[in-house]
Each structure stands twice: as structure tokens, then as C-alpha cells.
Amino acid sequence: MISFFIPAGSGESELIVKRSRFLGHLVPVESEDQARQILTETRKAFHDARHNCWCYRIYDGPERFSDDGEPQGSAGTPMLEVFRREDVFNFICVVTRYFGGVLLGTGGLSRAYSDCAKEALLKAGLTRQGEWTAVSFSCAYPLFDRIRTELAALGAVTEDLAYGQDIRIRALLPAESLGNLQASLQEISAGKITVTVSGPVLRGT
């Protein structure tokens with residue numbers, strides 16, 4: 001299964017380096033629009049700070065970052081690398097810096113921003129997500145036990161059963177198992193079952 005991590009919640013951190021104060025803010029998001037909204041709110045909340053550097057990654061979407069006036073490559077990129085190494089998506093991280101009057105140099109800034117992002121991620125925690133495929137189909141009652149056994153063998157999760165003239169099944173299964181399910185259903189039903197596929201669907205594993 002294709003899998004990755006997302007923050008389990010929000011995380012905050014604080015770091016003092018040579019009188020400069022760094023404040024980390026990590027928030028889980030589901031879209032770039034949501035990330036941009038949180039960035040705007042954070043900038044307003046810390047409008048008196050010298051810098052509000054940030055990065056975000058959206059699964060199956062954009063990955064962006066900003067040094068916000070710090071020397072190029074000294075803030076946004078080091079922060080982003082923290083999350084790349086841990087395979088984390090669907091977040092925005094903003095590190096606010098209140099300048100303390102002492103220049104830190106590019107190396108010092110990179111360490112400070114990445115350390116602040118790491119601490120915020122540690123505070124937030126991680127949860128694993130997987131990419132699932134949603135399927136729905138109908139089957140005759142005599143076939144249901146065999147199909148239910150096949151779904152379980154493929155690691156599928158049954159979301160809904162609707163009982164009528166036939167049984168309507170809606171399930172999630174690992175994306176790589178779709179071909180096996182379709183082949184099994186064709187064999188079990190002698191080609192009478194038609195599977196409707198949608199997705200991907202992100203779900204905890």
C-alpha cells in the first residue's frame with residue numbers, strides 16, 4: 001500500500017539562539033487553500049516579528065516554502081527537509097523569528113529553523129495514512145459469503161452494506177489490490193458483477 005505520514009495534531013515549539021527567539025507553529029491541513037489561510041492568520045498574529053518563514057506539503061498537490069527575507073536557502077528549505085525526511089504531508093509549518101541583535105550566519109539560521117520545525121513536529125506527533133481505492137458493486141445473496149472472504153483476504157474494509165433484491169457493497173481496499181478483486185469477482189459471479197471504482201481515498205492504516 002502507498003503510505004505516508006500526516007501530523008496527528010498541531011505542534012508548537014520555542015528556541016532561543018543568541019537572543020533571537022524562534023517560535024514554531026505546525027498545523028495539519030487538507031488543501032493548499034487551508035494552508036494559505038493559516039499562513040495569513042499566523043502572519044497577523046505575529047505581525048511584529050522580523051520573519052515568518054514557512055513551508056507546506058499537500059499530498060497529491062503542491063509543495064512550497066519561503067525564506068521570508070532571510071538569506072536564500074537558510075530557512076524555508078531546511079524546514080521543508082525536516083518533513084521530507086519523515087515523509088510527512090498535509091501540513092503547514094511557520095517558524096516566526098524575533099531578531100535578537102546578533103547575526104547567526106546562514107549555517108546558524110539553517111540549524112535554528114530546522115530544529116524549531118523538528119520540535120514542533122515532535123510535539124504534534126505523526127499518524128500513518130494510506131492510499132485506498134473505493135469500490136461499490138452488487139452481488140446475489142448466495143455469493144455474499146465468498147465475496148466477503150475475498151474482501152478480507154485482500155485487506156479491504158467494508159464501509160456499507162445495503163440489503164435489497166441483491167446486496168449492495170461499498171468497500172475500501174489498498175489501491176494495488178484492485179486488479180485482484182476485479183478478477184476474483186468476475187470468477188465468482190461468472191462475469192455478472194460490475195465494479196464501480198472511485199478514489200484515491202486517504203485513510204489511516
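The values are calculated or read from the model by the stated rules, or taken from the named source; none is laboratory data. Everything numeric in this text was worked out from a predicted model, so none of it was measured. Every residue, glycine among them, receives a Cβ derived from its backbone with ideal geometry; neighbour counts consider all protein chains shown.
The table below lists the values:
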read-out: Subset of the stretch 164-182 (residues that are farther than 20 Å from PRO142 by Cβ and either loosely packed, with under 14 Cβ neighbours inside 10 Å or not assigned by TED's automatic domain parsing to the domain that holds LEU154 (or both)); value: GLU176, GLY179
read-out: Candidate set from the stretch 34-68 (those that are outside any helix (DSSP H, G or I) and of a type in the set (Asp, Glu)); member that is nearest to LEU121 (Cα to Cα); value: GLU63
read-out: Checklist (1) touching a Lys or Arg at 6+ places or on another chain (Cβ under 9 Å); (2) at pLDDT 95 or above applied to CYS93, failing item; value: (1)
read-out: Criterion violated by ASN90 - all others in (1) out of contact with any Pro (no Cβ under 9 Å at 6 or more places or on another chain); (2) surrounded by 15 or more Cβ atoms within 10 Å (Cβ to Cβ); (3) among the polar types (S, T, N, Q) satisfied; value: (1)
read-out: All positions within the stretch 97-137 that are in contact with a Ser or Thr (Cβ under 8 Å, 6 or more places away or on another chain), under 30 Å from VAL195 (Cα atoms) and not β-branched (Val, Ile, Thr); value: ARG128, GLN129, GLY130, GLU131, ALA134, SER136, PHE137
read-out: Residue in the stretch 17-60 that is surrounded by the fewest Cβ atoms within 10 Å (Cβ to Cβ), counting only those that are in contact (Cβ under 8 Å) with a residue 60 or more places away in the chain and farther than 18 Å from SER74 by Cβ; value: ASP60
read-out: Selection count where residues are part of a helix (DSSP H, G or I), surrounded by fewer than 22 Cβ atoms within 10 Å (Cβ to Cβ) and aliphatic (A, V, I, L, M), scope the stretch 98-120; value: 0
read-out: Leading residue by the ranking (nearest to GLU70 (Cα to Cα)) among those in the stretch 1-17 that are modelled with pLDDT of 95 or more and not in a strand (DSSP E or B); value: SER10
read-out: Where a residue in the stretch 106-133 is more than 19 Å from HIS51 (Cα to Cα) and its partner, wherever it lies, is in a helix (DSSP H, G or I), with Cβ under 6 Å and at least six apart; value: GLU131/ALA175; THR133/ALA175; THR133/LEU178
read-out: Residue match in the stretch 126-135 (condition: within 21 Å of ARG36 (Cα to Cα) and either aliphatic (A, V, I, L, M) or in the same structural domain as SER31 (by TED's automatic domain parsing) (or both)); value: no
read-out: Residue match in the stretch 137-146 (condition: of a type in the set (S, T, N, Q), touching a helix residue (DSSP H, G or I) at 6+ places or on another chain (Cβ under 6 Å) and surrounded by 13 or more Cβ atoms within 10 Å (Cβ to Cβ)); value: no
